[in-house]
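Input: a single structure, listed below in structure tokens.
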Amino acid sequence: MSKFSIKDFNGVIPAAITPFDINENIDLDATREFTEFLLGHDIHGLYLTGSTGEGFLMKSEERMKVVETVMEVAKDKVPVVVHVGNIGTKRTIELARHAKEAGSTAISSVSPFYWHFDSKQIFNYYKDIAEAVDIPMIIYNVPLAGVLPISLIKELGKIDNIVGVKYTNTDIYQIPVIKDELGDDFMIYGGADELASSNILVGVDGIVGSFYNLFPGLFVDIYNAVKNDNVKEAYKLQEKAVRLINYVVSTNNMVAGIKSILRDAGINAGYARKPFLNFYDKDQEQLSKGIIEIADKYDINGVTVIEKLKEKYQG
């Protein structure tokens, strides 16, 4: 059982990567090391086995092992939410029950995808999971799996155990609308890294993102600046973050790119699973040097990964 409540799950929350070795096996030692790396940057929580964590590229048993391994390191330090989503309700419930047993604070799930399920089927999917497992649940609004209409989010928010939404969309003007309809106790998590500062300003309870693996300290600084009413500083930091994000995203290989830059900086983040294409040798060096060029051009300092890359390539 988690020592944290869902109200403790706020602030800067990396959607944690899952390290695999070069042969695509789960690297549990690297998983422990990388969890410690994130915790060392004062992040406020962890979100496991989601899209960035390559959850859909793993067997259920592998996802469970990752959760257990991270929990060994983090469960008494920060709240942990486990993404349990799958196309099938039965398998999702199995993962949800395991997450509760492992001590997660809550579970989360994308809506069922691929077959273009209608609103009634999506509603029943979430309802079935919420009723099967006595643990708080966060629903998911993301273009990759399907954007939920606000009317459906409102209906789902009335179900016992459904306590929040991971809102990975750009129409953030809807966030206060959701809060007004469902109340301040309904948690909202901004999921667009490029809009981290804006999400915080419009009232999200936390920000969950991929690039918090790569630049955790930078996003903690953005969060703290907004919370301390230093909006000008927050926007300056956000502009720097967006330039770094856009560079990595431009490779069309974000997950492998994040892992490559971390590896090149000496941080054991492992490799991505196929069909992602990993960066090696000259391609990895080019990617890392591009990060350094952006950092030099836009005066980005004090970021752990960038400082390690500069030490490696600039001496």
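Quick note: the coordinates plus some simple rules give every number you see, no bench work behind them. Everything numeric in this text was worked out from a predicted model, so none of it was measured. Glycine also receives a Cβ, built like all others from the backbone with ideal geometry; neighbour counts cover every protein chain displayed.
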For this session: Report, in degrees rounded to the nearest 10, the 0 to 90 angle that the Cα long axis of helix 216-227 makes with the longest principal axis of the chain.
Result: 60
Problem set entry | Spatially near lysine pairs across the stretch 98-190, Cα under 14 Å, sequence gap of 8 or more or different chains | 7
Problem set entry | Placed amide H near ILE162: partners under 5 Å, 5+ positions off or other chain | MET137
For this session: Based solely on C-alpha atoms, express the radius of gyration and the Dmax of the chain in angstrom.
Result: 18.7, 59
Problem set entry | Inter-label distance, nm, simple model (7 Å from Cα along the C-beta direction), MET1/ASN224 | 3.4
Exercise. Which of the lysines could a cross-linker bridge to LYS240, judged by Cα under 23 Å and excluding same-chain residues fewer than eight apart?
Worked result: LYS227, LYS232, LYS259, LYS289, LYS297, LYS308, LYS310, LYS312
Seminar exercise, completed: Ranked by GNM mean-square fluctuation in the chain (Cα springs under 10 Å), the top entry among GLY53, GLY103, GLY183 is GLY183
Exercise. Nearest-5 percent of antiparallel DSSP beta bridges in the chain?
Worked result: 10
Seminar exercise, completed: Residue-ordered couplings for the stretch 61-70, obtained by feeding phi - 60° into the Karplus form 6.51 cos²θ - 1.76 cosθ + 1.60 and rounding to whole Hz (Gly and Pro as x), are 5, 5, 4, 4, 5, 4, 4, 4, 5, 5
Seminar exercise, completed: Beyond 23 Å, the calculated P(r) of the stretch 167-315 holds a percent of Cα-Cα pairs equal to 40
Seminar exercise, completed: Taking only C-alpha positions in the stretch 130-229, Rg and Dmax in angstrom work out to 13.7, 42
Seminar exercise, completed: Once both label points are put 7 Å beyond Cα along the C-beta direction, the ASN301-LYS236 separation in nm becomes 1.1
For this session: Identify which of ALA192, ALA96, ALA132 has the largest mean-square fluctuation in a Gaussian network model of the chain, with springs joining Cα atoms closer than 10 Å.
Result: ALA132
Problem set entry | Full-stretch length increase - ILE22, ASP128 - with 0.36 nm per residue and alpha-carbon distance subtracted | 34.4 nm
For this session: Measure nothing but the geometry: give the 0 to 90° angle between the long axis through the Cα atoms of 89-102 and the longest principal axis through the Cα atoms of the chain, rounded to 10°.
Result: 70
Problem set entry | 0 to 90° range, to nearest 10: angle between helix 119-132 axis and the chain longest Cα axis | 90
